[in-house]
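Please see the structure below; I have some questions.
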């Protein structure tokens, strides 16, 4: 999402289920969720979220963007298909949101462009919200000035959900799609699949598509046949 006055050569869609209300928040992540919902960070402020794959970083970034239409969301993995100078038009944005920032590390031209954008955001009072697998100090950036700028950000770790929390999220996401997952089915999935939310949601997508195609309920025998477990 982006202001009409800023013309960019790319546009990235959001996950329709990525909202604050659907984020499986446990007590350890409650202060971060509250901060993002209230959107109380001051002008010129940089904020950095970090945590393991599938802990919910992208979900939070996209939920934040959906709640703040002026935000420009850029998933770095897809942005790298463009040229580094494509970041030039972001210098005058008021709220920039970058996902998977660690993917820029070691790519000098991209780092240089990001540093220019960061400098302009500081001057104009714009804000930057980033997410990465690592805290800023552990991202191997080659441009020292960029590293020092990002280390001034407010830093929050996004903690992975407990197994009970993952089961609850899986059940609620399925219910939102009109699917009833019995407790034993959820336990079966958690016991045999990668337990990060990214992979769990991918499995739910696959099961949902296949169940609709075959007009069947999602049961343990169905899962075994569909996924070869």
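To the nearest 10 degrees, how steeply does helix 57-67 sit against the main Cα axis of the chain, on a 0 to 90 scale?
The angle comes out at about 70 degrees.
Please report, to one decimal in angstroms, the Kirkwood hydrodynamic radius of segment 107-229 built from all distinct Cα-Cα pairs.
17.8
GNM, the chain, Cα, under 10 Å: largest mean-square fluctuation among 124, 16, 94?
Greatest mean-square fluctuation among the candidates belongs to 16.
On a 0 to 90 degree scale, rounded to 10, what angle separates helix 183-192 from the longest Cα axis of the chain?
60
Quick one: helix 197-214 against the long Cα principal axis of the chain, what's the angle to the nearest 10°, folded into 0 to 90?
Orientation of helix 197-214: about 50 degrees from the principal axis.
Using Cβ counts within 10 Å as a stand-in for footprinting exposure, how do 184, 70 rank, fewest first?
184, 70
Here is a further query. Divide, for segment 163-227, the radius of gyration over alpha carbons by 2.2 N^0.38 Å, where N is the residue count.
Relative to the 2.2 N^0.38 Å estimate, segment 163-227 comes out at 0.98.
For segment 72-139, evaluate the Debye formula with one uniform point scatterer on each Cα (no solvent term) and list log10 I(q)/I(0) at q = 0.12, 0.22, 0.23 Å⁻¹, rounded to two decimals.
-0.27, -0.97, -1.06
Only counting other Cβ atoms within 10 Å, I'd like 195, 78 sorted with the fewest neighbours first.
78, 195
Also, quick follow-up: Which value results for Rg/Rh of the chain when Rg is the Cα radius of gyration and Rh the Kirkwood radius based on the inverse mean 1/r?
Rg divided by Rh gives 1.02.
Round to a whole angstrom and tell me the spacing of the C-alpha centers of segment 169-187 and segment 50-71.
Cα centroid to Cα centroid, the span is 23 Å.
If each residue's Cβ is checked for other Cβ atoms within 10 Å, how do 47, 40 rank with the fewest at the top?
The order, fewest Cβ neighbours first, is 40, 47.
We did not get these values from a lab; they are worked out from the coordinates using the rules stated. This is a predicted model, so every value here is computed, not measured. Backbone-built Cβ (ideal geometry, glycine too); neighbour counts: all protein chains shown.
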